[in-house]
Structure formats: structure tokens, C-alpha cells
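Here's the structure we're looking at; comments come further down.
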Amino acid sequence: MAALFHNGLFADGEKDAPATGVEESRRIIRITGVVKIFGNEPHTFVGIVTADGKRYGVSPPKKEAALRRLQGRTIECTVRFLERQEGDAALFLKDGTVTPLSWRIVDN
């Protein structure tokens, strides 16, 4: 677990967003969920599923690759919502697609 933390508490070393609520201008929130892989090989993508059943796709590919290694783990992450774009339909799960800004593992 300690290997995932560099440059401070969170994985990417970026500044942490506010702990609660949504920052309207940038749509940044904190979520806790399990990292899951969706789709069929060779067309898979990473998503985060929260305890209340919300499903978020993860983008861009660099962030998705980093979270892919955490499949099945519960993480707390600060994310920014992405606007839906044509051509990226596979990434968009029912509750949207997010760019993780920072994360940490919260399961044992």
C-alpha cells in the first residue's frame, strides 16, 4: 500500500480537492468505491462502483492504467467529472466518466 503513495498522501501528488460537496465550476467531488473492469477482452475499461451502486468510467488512459492495477480494491478518490463526448461512449457508465485527481486505498 505504501508503494502507491508518492509525493505526499495521494497517488498523483496533486493537491486534494475539498472533502465534501461539489465544486460547481469544476465539478470536483470525492467518491469511495471499488475499482472494476468493464467490457470484454480486448475492449475493457476501468470503472469505479460506489456502495450505493453508482458507476463511473475512468479517463484519460494514463489514469485508467494506474487504477487498473487496483482492480477489486476499495479506493477513496477525488475526481473531476468529464463532459460526454462522441466516440468515447464505452467509457461512459450510467453515472458518468471521471478523471481521478488523487486517490488512496482504503481497504485492508
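Scanning the range 61-76 for residues that are within 15 Å of W103 (Cα to Cα), under 12 Å from the mean Cα position of the chain (by Cα) and surrounded by fewer than 14 Cβ atoms within 10 Å (Cβ to Cβ) returns K62, A65, Q71.
Here is a check on your reading of the model: is T44 β-branched (V, I, T), under 11 Å from the mean Cα position of the chain (by Cα) and modelled with pLDDT of 75 or more? In short, no. Here R26 meets each of (1) within 18 Å of I105 (Cα to Cα); (2) at pLDDT below 90 with one exception, condition (1).
Residues of the range 47-79 that are of a type outside the set (D, E), in contact (Cβ under 8 Å) with a residue 24 or more places away in the chain and assigned to a strand (DSSP E or B): G47, I48, R55, Y56, G57, V58, T74, I75, C77, T78, V79.
The values are calculated or read from the model by the stated rules, or taken from the named source; none is laboratory data. Just so it is clear, the structure is predicted and the values come from calculations on it, not from any experiment. Here Cβ is always computed from backbone atoms with ideal geometry, including for glycine, and neighbour counts include all displayed protein chains.
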